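Structure first, then comments.
The values are calculated or read from the model by the stated rules, or taken from the named source; none is laboratory data. This structure is a prediction, so every number in the text was calculated from the model and none was measured. Glycine gets a Cβ as well: all are built from the backbone with ideal geometry, and neighbour counts include every protein chain shown. Areas reflect the complete protein model, heavy atoms only, side chains present, ligands, DNA and RNA absent. Shrake-Rupley method; radii C 1.70, N 1.55, O 1.52, S 1.80 Å.
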Amino acid sequence: MSPDRVYRSLSSLVAGVLLLGLAGWLGGDALIVGHGRTPWLALATLLLAVPLVIAFTLRPAVLANDHRLRVRNPFRIIVLPWGTVAGFRSGFSNEAVAESGAKYQLWAVPVSLRARKRANRARVREAREAGRPGGRMPLIPPGPTRAQNDQIMDDLSQLWEAREKAATSQGEVTVKWAYEIMAPAAAGAVLLAILLAVG
């Protein structure tokens, strides 16, 4: 099997590491030096918060190879063989659309409207500079003039178009829930609710 191409959001990873560091510092302090109910409240809050931070920042990824697309979202893992994909859509979010009509959001490839506007302005400047006589150098440095996440969607579309008919790209869409994230978060929520109710 060909190796996976992995697509993730760098800003999300950085935010997740920072949030986990902050939670560890504050929660650890409350657990160690807290008095009365404070350590229990800190434990319940950490049980609830840490899995959610991991789910929404560190966990999301899109993995693609010659046979299938695997979408790791906060609470689910969706595996779509290329033969089951009907296409990709980009609007306010990026989505993979299955032949069944089901849509699966790609959390790891968020839409950046600001990056799109910046790329569009760069394309306009490039076109303007290319049309000037005298062979002037462009005002912007050479390189891609497309938003990075839009380029990722283009790459996924090209891979899908190249592999959708392959025999090894057929199969069924599978969806698995991430109980390893949901169970500790639910336990933390229940414990926190009990502690707050007891007062």
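Which of the following residues is more than 22 Å from the chain's Cα centre (by Cα) and modelled with pLDDT under 95: LEU31, LEU10?
Values: LEU10 fails: more than 22 Å from the chain's Cα centre (by Cα).
Residue meeting the stated conditions: LEU31.
For the stretch 76-115, a residue qualifies if it is under 22 Å from MET182 (Cβ atoms), part of a strand (DSSP E or B) and open to solvent by 10 Å² or more (accessible area, probe 1.4 Å), and the qualifying residues are ARG76, ILE77, VAL79, LYS103, TYR104, GLN105. Can you work out which of the residues in the stretch 30-45 that are open to solvent by 80 Å² or more (accessible area, probe 1.4 Å) and either of a type in the set (Gly, Ala, Ser) or touching a residue at least 12 places away in the same chain (Cβ under 8 Å) (or both) is nearest to THR57 (Cα to Cα)? Checking each candidate, the answer is TRP40. If LEU63 satisfies every condition in (1) within 18 Å of ALA178 (Cα to Cα); (2) open to solvent by 10 Å² or more (accessible area, probe 1.4 Å); (3) touching a Ser or Thr at 6+ places or on another chain (Cβ under 7 Å); (4) of a type in the set (A, V, I, L, M, F, W, C) but one, which is the exception? For LEU63, the exception is condition (3). The set of residues in the stretch 156-177 being small (Gly, Ala, Ser) and surrounded by fewer than 17 Cβ atoms within 10 Å (Cβ to Cβ) consists of SER157, ALA162, ALA166, ALA167, GLY171.
Return yes or no: is LEU58 at pLDDT 95 or above, of a type outside the set (D, E, K, R) and open to solvent by 40 Å² or more (accessible area, probe 1.4 Å)? So LEU58 passes the test.
Of the numbered criteria (1) among the charged types (D, E, K, R); (2) modelled with pLDDT of 95 or more; (3) open to solvent by less than 60 Å² (accessible area, probe 1.4 Å), the one GLU180 fails is (3).
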